[in-house]
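A short worksheet on the structure shown next.
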Amino acid sequence: MVKNLNIKESFFKNVKLNYQPVINSTGYLTFNGKKFSKSKSIGVFGSDILEKDVGDISKWRFYLLRRRPETKDADFNVDEFLTLVETDLVACLGNFVNRTLKFLSKKKIVISEVLKELDLSLDEYKDELLFIESIKESYNEYLEVMEQISIRRGFEALFKLCKIGNKYLQDLQVNKEKMILGYSLVVLVGYCLVPFLPKQALEIFEQALVENTEFPATFEIIKLSREHKNISPIFSHFTEEQKETLLSFKPVSD
């Protein structure tokens with residue numbers, strides 16, 4: 001365990017990954033059903049992103065990787081882009097991370113202290129055991145597809161983890177103290193996010209007080225001994241102005 005880690009400067013340098021030379025190819029990406037064309041103003045290009053306010057880079061990385069033409073051609077659809085950012089990036093992933101960490105911060109919960117009284121062998125914790133097993137299953141799926149460089153399926157496995165987390169939190173209306181197990185999933189989600197959105201992964205690690213830089217082989221319950229502070233949303237919504245700008249790029253029907 002690395003203590004007092006400055007994550008921004010050293011996290012990725014210390015992450016232990018076994019890189020292998022692999023050739024990976026993709027199909028073509030179209031824009032709202034049409035071929036990209038600078039001369040015909042079909043598509044969004046680098047100059048457009050630099051000159052106009054069309055949302056932060058995390059939204060673009062998210063959607064382009066989510067629609068990556070891995071096994072066949074794919075389409076960049078503006079309406080779908082706007083929708084998936086709201087439903088998946090903000091409402092699913094962002095909500096799970098923020099909701100969990102804000103609860104722990106508000107209640108001033110020290111996870112290591114609460115875990116001392118948590119005996120998962122008791123019948124009353126059978127839901128927690130199912131929660132842990134479902135996480136392990138989805139994480140193994142994530143590792144398998146990422147090993148195959150299947151980015152889209154990797155994203156699907158990541159969001160499956162977030163959905164498991166959101167459902168678990170939703171079911172804790174009576175005993176929210178069990179939300180401490182959600183913290184360990186937040187950290188795992190941060191690791192899974194590293195290949196896709198590294199900047200936002202670092203923000204999760206900073207807010208979650210992550211100290212271990214080694215990519216986990218499996219899901220583990222983390223016994224954090226400090227309180228969470230200064231929790232803020234990792235992802236933001238599109239503004240109305242940004243939505244209007246993006247919609248203006250939609251090609252006119254023939």
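The values are calculated or read from the model by the stated rules, or taken from the named source; none is laboratory data. What you see is a predicted model; the values in this text were computed from it and never measured. So basically every Cβ, Gly included, is an ideal-geometry build from the backbone, and we count neighbours across all protein chains shown.
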- Some residue of the range 200-218 being under 26 Å from Glu133 (Cα atoms), out of contact with any helix residue (DSSP H, G or I) (no Cβ under 7 Å at 6 or more places or on another chain), free of Cβ contacts under 8 Å to residues at least 12 places away in the same chain and not polar (S, T, N, Q): yes
- Item | Residues within the range 23-38 that are in a loop (DSSP other than H, G, I, E, B) and either modelled with pLDDT of 90 or more or not hydroxyl-bearing (Ser, Thr, Tyr) (or both), tallied | 9
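Do we find a residue being assigned to a helix (DSSP H, G or I) and of a type in the set (S, T, N, Q) anywhere in the range 50-59?
At the first step, the residues of the range 50-59 found to be assigned to a helix (DSSP H, G or I) are 50-51, 57-59.
Checking the rest, the ones that are also of a type in the set (S, T, N, Q) come to 58.
Yes, the range 50-59 contains at least one residue that is assigned to a helix (DSSP H, G or I) and of a type in the set (S, T, N, Q).
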- Task: Could you tell me whether the range 112-128 includes any residue that is within 19 Å of the chain's Cα centre (by Cα) and assigned to a helix (DSSP H, G or I)?
- Result: no
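Within the range 5-22, is there a residue that is modelled with pLDDT of 80 or more, of a type in the set (Ser, Thr, Tyr) and at negative phi? Steps first, answer last, please.
In the first step, residues of the range 5-22 are kept if they are modelled with pLDDT of 80 or more; the result is none.
The answer is no; no qualifying residue exists.
Among the helices (runs of 4 or more DSSP H) contained in the range 162-254, which hold 1 or more residues that are among the aromatic types (Phe, Trp, Tyr)?
Working: elements: 180-193, 198-208, 240-247.
By residue number, 180-193, 198-208.
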- Message: Test of understanding: among Thr245, Thr218, which residue is modelled with pLDDT of 85 or more, touching a Lys or Arg at 6+ places or on another chain (Cβ under 7 Å) and exposed (fewer than 14 other Cβ atoms within 10 Å of the Cβ)?
- Response: Thr218
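What about Ile234, is it of a type in the set (A, V, I, L, M, F, W, C) and surrounded by fewer than 21 Cβ atoms within 10 Å (Cβ to Cβ)?
Values: of a type in the set (A, V, I, L, M, F, W, C): yes; surrounded by fewer than 21 Cβ atoms within 10 Å (Cβ to Cβ): no.
It is false that Ile234 is of a type in the set (A, V, I, L, M, F, W, C) and surrounded by fewer than 21 Cβ atoms within 10 Å (Cβ to Cβ).
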- Under 6 Å by Cβ, and 6 or more places apart or on different chains, what pairs join a residue from the range 76-98 that is free of Cβ contacts under 8 Å to residues at least 60 places away in the same chain with one that is surrounded by 18 or more Cβ atoms within 10 Å (Cβ to Cβ) and hydrophobic (A, V, I, L, M, F, W, C)? Phe76/Phe31
